[in-house]
1. What are the residues in segment 145-167 that are of a type in the set (A, V, I, L, M) and either surrounded by 21 or more Cβ atoms within 10 Å (Cβ to Cβ) or closer than 22 Å to Met233 by Cα (or both), if any?
2. Here is a check on your reading of the model: is His22 touching a residue at least 12 places away in the same chain (Cβ under 8 Å) and on the phi > 0 side of the Ramachandran plot?
3. So which of Asp289, Asp261 ends up being at pLDDT below 95 and closer than 28 Å to Gly93 by Cβ?
4. Can you find, within segment 342-360, the residue that is surrounded by the most Cβ atoms within 10 Å (Cβ to Cβ) among those that are touching a strand residue (DSSP E or B) at 6+ places or on another chain (Cβ under 7 Å) and more than 19 Å from Arg41 (Cβ to Cβ)?
5. Take the residues of segment 1-19 that are surrounded by 13 or more Cβ atoms within 10 Å (Cβ to Cβ) and free of Cβ contacts under 8 Å to residues at least 12 places away in the same chain: which is farthest from the chain's Cα centre (by Cα)?
6. Do any residues in segment 183-201 that are more than 14 Å from Ile100 (Cα to Cα) have Cβ atoms under 7 Å from those of residues that are of a type outside the set (A, V, I, L, M, F, W, C) and modelled with pLDDT under 95, where the two are at least six apart or on different chains, and which pairs are they?
7. Just the residues that are over 17 Å from Ala16 (Cα atoms) and surrounded by fewer than 18 Cβ atoms within 10 Å (Cβ to Cβ), please, taken from segment 195-224.
8. Filter segment 166-201 down to the residues that are within 14 Å of Thr156 (Cβ to Cβ), in a strand (DSSP E or B) and not β-branched (Val, Ile, Thr) and list them by number.
Amino acid sequence: MLAKTPLYSTHIASGARMVDFHGWDLPLNYGSQIEEHQAVRKNAGMFDVSHMTVVDVLGAGGRQFLRKLLANDVDDLKHTGRALYSCMCNQHGGIIDDLIVYQRAPDNYRLVLNSATRTGDLIWIRDKILGFSAGLQERTELSMLAVQGPEAIKKTLSILTPTQADSVSTLANFECVDIDDWFFTRTGYTGEDGLEIIVPQDDIMGLWSKLLDAGVKPCGLAARDTLRLEAGMLLYGQDMNESITPLESGLSWTVKWQPEDRDFIGMGALLSQKQLGLKHKFVGLTLEDKGIMRTGQRVIVEGLADGVITSGTYSPTLAKSIAFARVPIETGAEVMVDIRGKLFKANVGKPRFVKHGEAI
């Protein structure tokens, strides 16, 4: 049986088309995927992301543990209320998961993990935390909403209490704040401004209803996928996995090499790969002709080995197909993509296509 979020009945009543997403029954869309996408780009949309795994790392040894566990360095979180994006790697440098870590207090960190990797993530983290003065607490009693778009924060502030609104209004990008038992963070997965809000399950229905009354449009997984791809945000299991390193996924900026004595898990393998030189690179593709690039399609690079599309879609903002691809390091400005046996020319660029609703 599929798992259901506390908002399941609300999605059904709203006419959502539900799908199986890694064992969760979640809304794909509520009607028009394009309208939901454009609502986030131009106004405000909200997503039920209660399927995400929320884990708290508590104790005096939490900071040192996370400096070992993650390729990025939580020492960059200079004060309480900051957040950091990172990969969690295995000994070979492969990505077990990508996540955001929030510093709530000097001895209190919150991780938000992908739902698809929950079981393996928790086994890995529980094994690696042994020997550190820290404990792990999965927060299954919490639910989570993402409110995204240029009007998202304004509309969210309008439904909050004065105390909540005062604190949330001052958040900068990748900052977070606890207000009683609600947790607000200025992060997201769409490339737009907005908030992710974690609340007790009993409060999620009321929050959703108030945001709906404030003019925030419900959005499903389909719009979330086109939005994140336009914004250059990777999806675990497609664009990266345990056999792929951050260096091969356009995520080298998340690997902190200094100080050398930190020795995070996978550091030796990543250093070796860096010194030997990469064989592949992660790029963005834009298709000029009609056609849609999809995951798994072959990328043909003249004179070199084939590459592969890791994520592909139609971009509502650009009105053309875009994709992420992993290709040979020597790949130039143009490639051919095999779409159902026909070859289409694609332009090669950075794996990011839209910023603040405009083409890059």
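1. Leu145, Ala146, Val147, Ala152, Ile153
2. Numbers: touching a residue at least 12 places away in the same chain (Cβ under 8 Å): yes; on the phi > 0 side of the Ramachandran plot: yes.
Spelling it out, His22 is indeed touching a residue at least 12 places away in the same chain (Cβ under 8 Å) and on the phi > 0 side of the Ramachandran plot.
3. On the way: Asp289 fails: closer than 28 Å to Gly93 by Cβ.
Among Asp289, Asp261, only Asp261 is at pLDDT below 95 and closer than 28 Å to Gly93 by Cβ.
4. To start, the set of residues in segment 342-360 that are touching a strand residue (DSSP E or B) at 6+ places or on another chain (Cβ under 7 Å) comprises 343-353, 360.
Applying the additional criterion that residues be more than 19 Å from Arg41 (Cβ to Cβ) yields 343-350.
Values: Leu343: 13, Phe344: 20, Lys345: 12, Ala346: 28, Asn347: 13, Val348: 20, Gly349: 14, Lys350: 11.
For segment 342-360, the residue satisfying everything is Ala346.
5. Applying the first criterion (surrounded by 13 or more Cβ atoms within 10 Å (Cβ to Cβ)) to segment 1-19 yields 2-8, 10-12, 14, 16-19.
Subsequent filtering for residues that are free of Cβ contacts under 8 Å to residues at least 12 places away in the same chain retains 12, 18.
On the way: Ile12: 25, Met18: 21 Å.
Filtering segment 1-19 for residues that are surrounded by 13 or more Cβ atoms within 10 Å (Cβ to Cβ) and free of Cβ contacts under 8 Å to residues at least 12 places away in the same chain, the one farthest from the chain's Cα centre (by Cα) comes out as Ile12.
6. Listed pairs, sorted by first residue: Gly191/Lys355.
7. Pro200, Gln201, Asp202, Asp203, Gly206, Lys210, Asp213, Ala214, Gly215 - these are the residues of segment 195-224 that are over 17 Å from Ala16 (Cα atoms) and surrounded by fewer than 18 Cβ atoms within 10 Å (Cβ to Cβ).
8. We begin by selecting, within segment 166-201, every residue within 14 Å of Thr156 (Cβ to Cβ); these are 166-171, 177, 179, 182-188, 192-199.
Checking which are in a strand (DSSP E or B) leaves us with 177, 179, 182-185, 194-199.
Selection gives Trp182, Phe183, Phe184, Gly194, Leu195, Glu196.
The values are calculated or read from the model by the stated rules, or taken from the named source; none is laboratory data. Keep in mind it's a predicted model, so treat the numbers as computed, not measured. No Cβ is skipped: glycine too gets one built from the backbone with ideal geometry, and neighbour counts run over all protein chains shown.
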